[in-house]
Amino acid sequence: MNWYIRRTLQALLTVYGVITFTFVLIRIMPGGPMESMRAQLIQQHQGSLTTEDMERINRIVETRVNIDPDQPLYTQYVDYVSSVLTGDLGQSTWHQAPVMDLLIERLPWTIFLMGSSITLSFALGITLGAIMAYKEGTILDVGLSSYSTFMTSVPYYVVAVLLVYFLGYQWDYFPIQGRMAPQTTPGLNYPFLAGVAYHLVLPVISVVITGMGGRALAMRGNSVRVMGDDFIRVARLRGLKPRTIAIQYVGRNALLPMYTNLMLAVGFMFGGAIILEEIFGYRGLGQLMYSSIGNRDLPLMMGCFLLITMTVVIALFIADLTYGKLDPRVQSGERHESF
Amino acid sequence: MKERLHDKSNAQQTQDPIYQVRNVSVAFDMDRGTSRVLDDIDLDIERGEILGVVGESGSGKSMFADSLLNAVVSPGQLGGEVIYNTEDGQSVDVTELTDEELRKFRWQEASMVFQGAQDSFNPTRKIRTHFVETLDAHDADIEDGMDRARELLSDLYLEPDQVLNSYPHELSGGMKQRTLIALSMLLDPEVIVMDEPTAALDLLMQQSIVRLIREIKGKYDVTIIFITHDLPLLAELADRLAVMYAFEFVEIGLTDGILEEPSHPYTRALLNSTPNIFAPVEDMTAIEGSAPDPVNVPTGCSYHPRCPMATDACVESDPGYYETNANHGVKCHYWEDVDNAIPLQVTADETRQVDVPAYGPVAMGTDRTPVLTLDDAEVHFESSQGLFAEPDAVRAVDGISLDIYENEVIALIGESGCGKTTLGKTAIGLQRPTGGSVSFRGQDIWDAKDGHGDVEIPHEAIRQSLQIIHQDPGSAINPNRTVRHTLELPLKHYNDELDMGDRQARILGMLETVGMTPPEDYADRYPHQLSGGEKQRVTLIRALLMEPDLILADEAISALDVSLRVEMMDLMLDLQEIFDTAFLFISHDFSNARYITEKSGGRIGVMYLGEIVEIGTVDEIINNPKHPYTKSLVWATPDLDETGENEDVPLRKIDIPDARNPPSGCRFHTRCPEARETCARKKPVLVGDGGNTHEVSCFRDVPNHEYWDSPELMNDEPSDETPTEK
Ligand code: SF4
Ligand code: SF4
């Protein structure tokens, strides 16, 4: 079968599998989310339960998780899948609002935060790596390599906590939490945008500082390997300008393997935001997810879970489809799959 | 022009030197000491000549190439003078150029074609970009330059636009190599240094490229320095030869002079170790010992540890150049005695009497039943391309019928990608055919496996009867088992009535038979304690212990040294007689195929694009090839007597067509020099002429065929729509 069609089907199948998995989790598992939600409601309900109360509770559970326990299993299943596919992820028990609306409100903030972190850490890491490779063996290279190795082994939340403590609490340079300046109105106005950027500084720095090292080392390794290739030697003999060789020959070929890395980082961006946003009190998706766990807000947890896995699947799908455009050797993707 | 007076090498051999190399050394500082990979070289290169430089790997020949362009990679240090004389009489020392001068000098004056042409292009850029950026970097006119590029590419038998629009990986090895040659000539340089430009290509492609280099040299008037380990290649190409040993030139002279009267013991040894299709393989001898370590070159004459004529004087004093005549210099004290001391192997014509086959042709007897029968076997692999494209089928094996008789030796040859390995695997049941059938003594192998119909010979028995020896013995044996253990397994598995003692006796006996003595010692060794040849013997024993009826030897000796190959083939033949097995021997090398089939009275099959185009006894195939493709393969196999000097490439196109879209009619018609219009429409079949072993698939072998009245095929490719009649 044609590779593209196969790959697309595979992605769709994964999406479908994830949805089914959440259904199984909610419906079938004994003591699973549905059971515990019902128990929760019963607990909240003071006094003895009449049949009417029971019915009411069941109805609440049903609207919240999109599953009507009275239907036969397959109908429940079909209903669930179709409502998820039409964007209905149920009702949040804590926020008393549709899960989808909650996610959509938070989404841009997290994309903004993680997007700038990923972009910066890749851009800086790649530049640094390329410089290290060109200065291979010099003090600069050795110094930067050791620094990068060290920084890669430090978890970002440690840096994050340190930054909040010193730059936030002690010296008061940066806000310690929040995502925008108070008393500003969202929109394209300077005070709002400046406030947003100001709040972004610390979390972005903590991700970039720790994430950059790994990228730099990877880029350095790739570049050194490419520089040893025959075609670089031939290019030099052909008298090409050093700039052309650095960018079109070494850079271009060293970047290829980084692309899959980048798409992976994009795919896991929401998962990675959970702790980061919690530390900085940044009201994004990650924080929403974190609080949903604390609040035992099951529909919301499920919605977040679906969102995270979908992003991963889609990012990898895009990576596979576009890789062939970057590397002409991989035309139909036969020999390259991210996973 | 500056006059250089301290000429001490071959200056008298040249009148108008383009290069004067003086005292050139290349040294690397290593922990163990200084490594001298080029040792005080002096050499003049004449303007417009083809200088062949020959040497073993590790002799310093690539360093010599690099030093001509001052392109020695750091930390190597280039010392001495490399004087380059331009046509209008100016001299520059290439070692003293500034970076910018050097950047201009390279490619405009002297360019280089590399050993690793396969990786000489940036994989992410189109070929066209490579040409354009080179022109751009040297401020040349892009349009004129690209016109020249197109002309160069078509001179090299390539389709310019198709090649320019390709990415490097879309071209075959031979095409890439020729494209690189075109790229090297883009700026009209005076000199091209070619470092092993044909290594890793099929013989036919190598020979074709060598011809093209000669032609192109005449047309564009360049000086070529051609560096290789392959002496026969140079015999037909070079005007002068320089033989390199231990980082210096030990003999320099006109090609004819060196081939006819080699005066250095090393040159003679080199000539004697060279395979030759017409000379008996028994005479081939490898050179004893190994090339010296650059950190620790022997004192005196560096060849003395390996030289059979060495005396104390050789150890003490380094020989200078002795002139054997005005055009021939040699670094050996005793060059006058070499004729007697190291006789050259007898050359071609004198030995061309066919050995009487030891066993007589087996295939002749029609009353015998074949061990293995391929009936119209087909193996098509699918490969999909692009978004909505129909998947193409690669027809690796396309409708082959072949009988292999008891005790017969059949050698299959053909260029890489012709499907010979797939055919071999299909024959022994490792590859399921997508069409046709494969049967063992009348029992269809795959029916037996699937349990279809009446199974007369169980699948287990068939598997035991069909064995394989791989190209790389190292990967075929478990490195963690002793030889004894490796050999015991098949015996236990297939022959469980043997008791311990019998098994041991058998294994030891076999080891002894193949010359691994004392057998007890070898039995307890692990694979890493064995040499390549010994490992190959172990795999051979393992195959034989199964008491097979047919063994597939897939390039089984290609990885061995030249001298070991003969030994291994002899061993196979001896054992074949003892064990009554047939051999299917796959090789890309005509000389080996000839040796093994000639000695056993076997047959040679020639494959092209998934089909057998000619099959017959050695004598029929080598001395009387009928198919034009077989003729071109024979043409391409090295022979030192230079009879083919002025012959053109016996092909219209030198690239193998895409196996996904094979040509209509006769598959060879796109390359066949004899092709006529009929060939593009009709497909010839493999036929013999009455009870003969010789079968050919070409209309030229059919008298009164419409082919003979058909007009000659024009050079342009017939369109794909040409209907095919069967
Ligand atoms: S000089 Fe002596 S050792 Fe060297 S090649 Fe001649 S005979 Fe052999
Ligand atoms: S059939 Fe025609 S094209 Fe084919 S080999 Fe014979 S002459 Fe050449």
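Out of curiosity, is residue B:132 aliphatic (A, V, I, L, M), over 30 Å from residue B:33 (Cβ atoms) and part of a helix (DSSP H, G or I)?
Spelling it out, residue B:132 is indeed aliphatic (A, V, I, L, M), over 30 Å from residue B:33 (Cβ atoms) and part of a helix (DSSP H, G or I).
Report yes if some residue within segment A:143-166 is at pLDDT 85 or above, under 19 Å from the mean Cα position of the chain (by Cα) and closer than 29 Å to residue A:243 by Cα; otherwise report no.
Checked segment A:143-166: no residue is at pLDDT 85 or above, under 19 Å from the mean Cα position of the chain (by Cα) and closer than 29 Å to residue A:243 by Cα.
So, in segment B:237-258, how many residues would count as being assigned to a helix (DSSP H, G or I) and surrounded by fewer than 24 Cβ atoms within 10 Å (Cβ to Cβ)?
3
When the residues of segment B:165-194 are filtered to those that are more than 13 Å from every other protein chain (Cβ to nearest Cβ) and in a loop (DSSP other than H, G, I, E, B), which remaining residue is modelled with the lowest pLDDT?
B:172
Looking at segment B:698-709, can you tell me whether even one residue there is more than 10 Å from ligand 2 (Cβ to nearest atom) and outside any helix (DSSP H, G or I)?
yes
Report yes if residue B:544 is closer than 22 Å to residue B:466 by Cα and part of a helix (DSSP H, G or I), otherwise no. Break it down stepwise before answering.
Details: closer than 22 Å to residue B:466 by Cα: yes; part of a helix (DSSP H, G or I): yes.
So residue B:544 passes the test.
Quick one: in segment B:106-164, of everything that is acidic (Asp, Glu) and within 14 Å of chain A (Cβ to nearest Cβ), which residue is surrounded by the fewest Cβ atoms within 10 Å (Cβ to Cβ)?
Our first condition is that a residue be acidic (Asp, Glu); within segment B:106-164, this holds for B:109, B:119, B:133, B:136, B:139, B:141, B:143-144, B:147, B:151, B:155, B:159, B:161.
Now restrict to residues that are within 14 Å of chain A (Cβ to nearest Cβ): B:109, B:119, B:133, B:136, B:139.
Working: B:109: 19, B:119: 17, B:133: 22, B:136: 15, B:139: 7.
Filtering first and then ranking leaves B:139.
Would you call residue B:265 buried (at least 17 other Cβ atoms within 10 Å of the Cβ), at pLDDT below 80 and not aromatic (Phe, Trp, Tyr)?
On the way: buried (at least 17 other Cβ atoms within 10 Å of the Cβ): yes; at pLDDT below 80: no; not aromatic (Phe, Trp, Tyr): yes.
So residue B:265 does not fit the description; no.
Give me the residue from segment A:238-282 that is of a type in the set (A, V, I, L, M) and under 30 Å from residue A:169 (Cα atoms) and, out of that set, surrounded by the fewest Cβ atoms within 10 Å (Cβ to Cβ). Please lay out each step first, then the result.
Of all residues in segment A:238-282, those of a type in the set (A, V, I, L, M) come to A:240, A:245-247, A:250, A:254-256, A:258, A:262-266, A:269, A:273-276, A:279.
Okay, now just the ones that are also under 30 Å from residue A:169 (Cα atoms), so A:269, A:273-276, A:279.
Working: A:269: 22, A:273: 28, A:274: 20, A:275: 16, A:276: 23, A:279: 21.
Restricting to residues being of a type in the set (A, V, I, L, M) and under 30 Å from residue A:169 (Cα atoms), the top hit is A:275.
Please determine whether any residue of segment B:470-493 is over 21 Å from residue B:402 (Cα atoms), surrounded by 15 or more Cβ atoms within 10 Å (Cβ to Cβ) and free of Cβ contacts under 8 Å to residues at least 24 places away in the same chain.
Narrowing segment B:470-493 to residues over 21 Å from residue B:402 (Cα atoms): B:470-493.
When the remaining residues are screened for being surrounded by 15 or more Cβ atoms within 10 Å (Cβ to Cβ), the result is B:470-474, B:476-477, B:482-484, B:486-488, B:490-491.
Pick out the ones that are also free of Cβ contacts under 8 Å to residues at least 24 places away in the same chain and you get B:488.
Taking every residue of segment B:470-493 in turn, at least one turns out to be over 21 Å from residue B:402 (Cα atoms), surrounded by 15 or more Cβ atoms within 10 Å (Cβ to Cβ) and free of Cβ contacts under 8 Å to residues at least 24 places away in the same chain.
Determine which member of the set B:610, B:605 is more than 16 Å from ligand 1 (Cβ to nearest atom), modelled with pLDDT of 85 or more, on the phi > 0 side of the Ramachandran plot and away from chain A (no Cβ under 14 Å).
Within the list B:610, B:605, the selection yields B:610.
Which of the residues spanning segment B:310-323 are crowded, with 18+ Cβ neighbours inside 10 Å and near ligand 1 (Cβ under 8 Å from one of its atoms)?
B:310, B:314, B:319
Restricting attention to segment B:339-351, does a residue exist that is within 12 Å of ligand 1 (Cβ to nearest atom) and either assigned to a loop (DSSP other than H, G, I, E, B) or modelled with pLDDT of 60 or more (or both)?
Scanning segment B:339-351, I find at least one residue that is within 12 Å of ligand 1 (Cβ to nearest atom) and either assigned to a loop (DSSP other than H, G, I, E, B) or modelled with pLDDT of 60 or more (or both), so the answer is yes.
Just to check your reading of the model, which residue among B:175, B:194, B:185 is crowded, with 20+ Cβ neighbours inside 10 Å and either closer than 20 Å to residue B:633 by Cβ or β-branched (Val, Ile, Thr) (or both)?
Criteria check complete, one pass: B:175.
Only one of A:307, A:237 is assigned by TED's automatic domain parsing to the domain that holds residue A:156 and more than 20 Å from residue A:123 (Cα to Cα); which? Working first, answer last.
Values: A:307 fails: assigned by TED's automatic domain parsing to the domain that holds residue A:156.
One residue alone meets the criteria, A:237.
The values are calculated or read from the model by the stated rules, or taken from the named source; none is laboratory data. All of these numbers come straight from a predicted model, not from anything done at the bench. Please note: Cβ atoms are built from the backbone with ideal geometry, for glycine as well, and neighbour counts cover all protein chains shown.
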